[in-house]
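The values are calculated or read from the model by the stated rules, or taken from the named source; none is laboratory data. All of these numbers come straight from a predicted model, not from anything done at the bench. So basically every Cβ, Gly included, is an ideal-geometry build from the backbone, and we count neighbours across all protein chains shown.
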Amino acid sequence: MGVSLCGRKSQADRKAAFDDNVADALKLVLFAEALLNKRTYKMRVEKRQRLGEALDIPKGKWDELDCIESRDLFAVFPPRSRLDRDVFEDKALRPLLRQALVAACAALETFVGDRVMERWSGALDADDKSSRLLQLPMTVEDWLRIEASYERRGWGLRQVAELEVRRIASPAPAQIGIASSIVGEKGLWKRVDGRRHVAKGKSEAALDNLNNRRNRIAHNGDRVGLGRSAISAKEVTGDLDQLIEIVDAIDSETKP
């Protein structure tokens with residue numbers, strides 16, 4: 001018998017999975033901040049000598065020692081290291097920040113699909129089923145496979161529906177609205193704005209901006225014109241904080 005892609009995760013598990021994935025994104029931002037070199041000049045001769053002795057490096061190699069310093073760490077490059085201070089410049093660390101945004105958007109997309117499927121049974125049993133639910137496509141091949149493979153046809157129908165839900169789910173607010181409407185949600189973004197105590201449309205606009213940036217990163221390396229867009233740890237941290245707040249509001253508004 002087929003198995004639901006969503007499995008039997010509890011409501012808490014689904015939100016916890018989002019929290020874990022966003023925590024990973026925040027770690028990428030932390031690493032980018034911690035690794036950013038604040039030191040302008042090469043390591044002083046006296047320090048190279050002391051560290052060369054302490055690290056038991058041959059005296060003839062002491063001149064090859066170098067280091068970076070940030071507010072969080074002091075790191076030494078030994079002779080013949082594959083790394084140098086250029087690796088820890090602002091521009092060189094920006095890929096970590098870009099991937100943090102991509103990872104956070106993926107976490108949101110998964111959460112939306114999980115929440116819709118968590119509500120699936122109730123939506124299917126409702127007397128007043130949503131038009132979106134009734135319009136979900138199913139082919140003759142799907143029906144024949146359900147007939148042949150499932151004793152409980154409802155599980156087969158759920159699997160077919162889940163594939164479509166996962167296709168629809170996206171960080172884009174319009175797609176989140178469509179996915180949520182499958183299980184009967186109406187006026188979701190108005191309620192999310194209200195729960196966040198922000199002006200109408202603010203939550204959608206924030207996610208639209210984040211999703212557009214994510215698409216630009218994923219599809220063309222965040223390029224605008226001939227170069228890449230600037231990005232900072234402060235900017236990404238603000239985006240992630242806002243995303244977490246929006247998902248917390250969606251979670252509260254859509255719990256079964």
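Taking region 205-249 as the range and being among the hydroxyl-bearing types (Ser, Thr, Tyr) and more than 21 Å from residue 34 (Cβ to Cβ) as the test, only 229 passes. Scan region 76-119 for residues that are without any contact (Cβ under 8 Å) to a residue 24 or more places away in the chain and surrounded by 14 or more Cβ atoms within 10 Å (Cβ to Cβ) and the total you get is 6. Apart from one condition, residue 165 fits all of (1) modelled with pLDDT under 95; (2) assigned to a helix (DSSP H, G or I); the exception is (1).
Residues of region 182-212 that are over 15 Å from residue 246 (Cβ atoms) and either outside any loop (DSSP other than H, G, I, E, B) or not assigned by TED's automatic domain parsing to the domain that holds residue 167 (or both): 182, 212. Within region 236-250, the set of residues being touching a residue at least 12 places away in the same chain (Cβ under 8 Å) and over 22 Å from residue 174 (Cβ atoms) comprises 236, 237. Exactly one residue out of 176, 182, 146 is crowded, with 18+ Cβ neighbours inside 10 Å and under 27 Å from residue 237 (Cα atoms), and it is 176.
Do the conditions hold for residue 162, that is, is it assigned by TED's automatic domain parsing to the domain that holds residue 247 and within 27 Å of residue 218 (Cβ to Cβ)?
For residue 162, the condition - assigned by TED's automatic domain parsing to the domain that holds residue 247 and within 27 Å of residue 218 (Cβ to Cβ) - is met.
For region 216-235, filtering for residues that are buried (at least 16 other Cβ atoms within 10 Å of the Cβ) and under 30 Å from residue 181 (Cα atoms) leaves 2.
Looking at 160, 192, just one residue is crowded, with 17+ Cβ neighbours inside 10 Å, out of contact with any Phe, Trp or Tyr (no Cβ under 7 Å at 6 or more places or on another chain), within 26 Å of residue 119 (Cβ to Cβ) and at pLDDT below 95, and that residue is 160.
Yes/no per residue for (1) at pLDDT 95 or above; (2) outside any helix (DSSP H, G or I); (3) farther than 25 Å from residue 210 by Cα:
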site: 40; (1), (2), (3): no, yes, yes
site: 67; (1), (2), (3): no, yes, yes
site: 91; (1), (2), (3): no, no, no
site: 100; (1), (2), (3): yes, no, no
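A Cβ distance below 6 Å, combined with a sequence gap of six or more or placement on separate chains, defines the contacts here; from region 47-63, residues that are in contact (Cβ under 8 Å) with a residue 40 or more places away in the chain and outside the structural domain of residue 77 (by TED's automatic domain parsing) reach no residue that is in a loop (DSSP other than H, G, I, E, B) and among the β-branched types (Val, Ile, Thr).
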